[in-house]
1. Using a Cα-Cα cut-off of under 24 Å, which lysines could be cross-linked to residue B:29, ignoring same-chain neighbours fewer than 8 residues away?
2. Grab the beta carbon distance between residue A:112 and residue A:34, set R0 = 60 Å, and tell me the FRET efficiency rounded to 0.05.
3. Could you name the aspartates and glutamates in cross-link range of residue A:109, using Cα to Cα under 14 Å and dropping any fewer than eight places away on the same chain?
4. Which trypsin sites (Lys or Arg not before Pro) from the stretch B:68-123 combine a DSSP loop assignment with at most 13 other Cβ atoms within 10 Å?
5. Report, by chain and number, residues whose modeled amide H sits under 5 Å from the one on residue A:332, excluding near sequence neighbours (fewer than 5 apart, same chain).
6. Compute the FRET efficiency between residue B:27 and residue A:359 as 1/(1 + (r/R0)^6), taking r as their Cβ-Cβ distance and R0 = 41 Å, and round to the nearest 0.05.
7. Between B:147, B:38, B:113, find the one with the highest GNM mean-square fluctuation for chain B; connect C-alpha pairs within less than 10 Å.
8. Can you give the helix-only mean residue ellipticity at 222 nm for the protein assembly as shown, where every DSSP H stretch with n ≥ 4 adds -39500 (n - 2.57) and the sum goes over all residues, rounded to the nearest 500 deg cm²/dmol?
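What follows is calculated from the coordinates using simple rules that are stated; it is not laboratory data. Keep in mind that this is a model prediction, so the values were computed, not measured. Don't worry about glycine lacking a Cβ; one is built from the backbone with ideal geometry, like all the others, and counts go over all protein chains shown.
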Amino acid sequence: MTGIDVLKNRRSNTVQSSPQSRKINRQEIIAKGIICFFTAFTIAILVWIVGYLMVKGFRYNNDVSYDVTTQIEREIPLDNTDEDVVFIINSKVRSEDIPVAGLRKLYNKARKENWGFYNQQNLKVVPFAYEGAGSFSDDVMNFILTGSDLETYRKNVSQTSSWEDMIHRVGQTPGALGFIPASKAEGLPKSVKVLSVRRISLIVSPSVLRIQDGRMMREISQADADKLFSGKVVNWKEIGGIDLPVTLVFWDSKDASSIINRDEPVLAKIQIVHSEEDFYSSIVNTNGAVALGHYSSIESEGLSFIPVLRHETGWNLTWHFIFESPARSGQWGGVSYIILNTFFLILFTIIFSTPVGIMAAIYLVEYTNQGRLMRILRMGTETLAGIPSIVFGLFGFIFFVQICGLGIGFISSTLTITLMVLPTIIRSSEEALKSVPQSFREGSLALGASKLQTIIKVVLPAASPGILTGIILAIGRTVGETAVLIYTLGSNYDLVTGPSSSARVLSLHLYMLFSEALSFDRTFATGAILVILVLITNLSTTWIVKGVNKNASV
Amino acid sequence: METNKIAVNKLNLFYGDFQALHDINIEIKEKEVTALIGPSGCGKSTFIRTLNRMNDLIDIVKIDGTIQYDAMDIYKQWDLIELRKKVGMVFQKPNPFPMSIYDNIAYGPRTHGIKSRQKLNNIVENSLDQASLLDEVKDRLHKPALGLSGGQQQRLCIARVLAVEPDVVLMDEPTSALDPISTSRIEDLIDELKKSYTIVIVTHNMQQAGRISDKTAFFLHGKIEEFGGTDQIFFNPVSSKTEAYISGKFG
Ligand SMILES: Nc1ncnc2c1ncn2[C@@H]1O[C@H](COP(=O)(O)OP(=O)(O)O)[C@@H](O)[C@H]1O
Ligand SMILES: [Mg+2]
């Protein structure tokens, strides 16, 4: 009989079946459907959670509000010189462009200035200038210095003797910032790159920023700004503002030509002025007026402007994030120390808890008979395993930190976590030892081995997969533990150097980044690292257990 | 010339309140195969396990009477570990350790302090040879023992016992978990081993007892109903109960 015959037979059997069996079949199908549905539902939720965490952890995707628009300028014209200036930076600096206000700060507050403010890279700024006087460098100085102190500037910058020297030294110094005439900016070495400047703001008449019916133009997306200047927006309310007609103000017809000459009709009102004074006065005095102007004029003329949202996206979880040390409470740099601290915490917790746990389990399984003592011990370990970790944290704080005087730090937290994971290790080791067949013990004892030899050479190896599983469960708990650590480990983000150093581990870092609102992106990146770590731990359990089993059996 | 290897005198054994062995008296002679037969639950395993004190593992067991091995009391005069080295045991279900074939055999010698690689190699080879397993496994000595077939595993367990150079080998139904071919190989092996070892074997299988043993003890309800030469027990039993059991009327 072939397989198909078998199938046919089976089908004809069901056709002839009694109503009773048909009813059972139907119930079976419904039950199967429900089970399938819930399984799929659960899996979908899991995939969604992990996927969401991973996407958020790996990529950032933000709208950031700036005083200037997204328009970047590589070469910046100067007031009194024909030649443009180009700002250059060391290639290790992970910035491509910077708002002009930031550029000025980098030059003027160099002692406290850090690239971290602009790109989260913990790197001191080293500004360079050209020592030779001359109209070009004076002009650049004026551009940089607007309204600042010449003395501090002189103190902060390092002077270079020539433009070649400038390029060379910027290439050699991490975090360096310098400038050169545009004519020298061809063929820069790899170690140097151009820092573009963003200095165009969206200047508006104060009337645009009024509050009307509880609405107010707080900020504008770059897309809306583009739409505005293509002349398609007639009224501010179309882009989230108040009910006010739009007037585009242009300095002269050359500026205006960019939109007027387009094929599409221009719907917004347009005003073209021919002098600087007219420009400013017409912006201030025309209701609903808007224009593109230099950021510096906002300060000097006391103008109103709308912040522009720039859409920024990129990798969140980068190698830099993993390998750089944290700075400024974790806002800058990476999490390298934090990852290392996590590993140290795991390592020492395992070193402390495993021998004690396994020995306790051996005592319970191999040396006591299942009497009342055993039951009390079992209840004790089970209760301990169920105690919320924050209670352990409290205990650790009172006992290790205060009574034992160990202080908040690595050793207190390791001991507290050891206490916390001990029941897990004892329980799983106990189960593992109990699952070793009695015949192994008898076989060994019958060969004249002592009880201890039997335990060490036969029972423990046979139980090792189960014991390992317990240890990895304990690692999992340690990795994820936060509550205990808040009380016992402190919040220092340096590398652990001794038993009493206060430190952070990943979970704690995540908690602090989030609760102190330091950086949402970094919170997620840290979370993603945690998820990956837990994933690796779990996979390694499977591999280790498989490996051990392979040694043991076929 | 027959010397007594093991002499059991007025042995009573209790599991708590339950008396499993009643007044056992038996003498086991050197280099003979003594078979223990009887219906299940009659105390054969209990008895054979007392001979190398495996019953010590069970807390509720209480024993009175004497057991002498080489004319010394196994409880009072023999050191437990020495006794178990001398009186080895093969169990009903093959129980190789979850390690390599080599390590299984070397386990006993190693626990007794032999470290030299050369010596261990010799012991492993000789023991496997004696257990007629060498040819089958010599290419895979370092493979897991649990990869062997049931019959091979049981011969490995025998080799493992031989590796500690015992004097007496106790076997508790060593073939009951095996197929007929493996069984006959083990029977051949026992035939071979009795030249150098004293063997006590529990068996459920009458034919087996008939084939391999010199003496047979028939256990019934925790007592030795009859003990004598195998031929006599099988062909000329004194007790009617023995006769009934041998002829398959109960059991
Ligand atoms: N560990 C034990 N605890 C209590 N009673 C036992 C134990 N082992 C065996 N017995 C009892 O002792 C009697 C003899 O058992 P056993 O020696 O295993 O018989 P056999 O091997 O001849 O089949 C049986 O009634 C059995 O129930
Ligand atoms: Mg039995």
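1. Result set, ordered by chain and number: B:5, B:10, B:44, B:76, B:85, B:86, B:194, B:195, B:215, B:223.
2. 0.40
3. Result set, ordered by chain and number: A:149, A:151.
4. Passing both the DSSP loop test and the Cβ count: B:76, B:115.
5. A:327
6. The value I calculate is 0.35.
7. Top of the fluctuation ranking is B:113.
8. -14500 deg cm²/dmol
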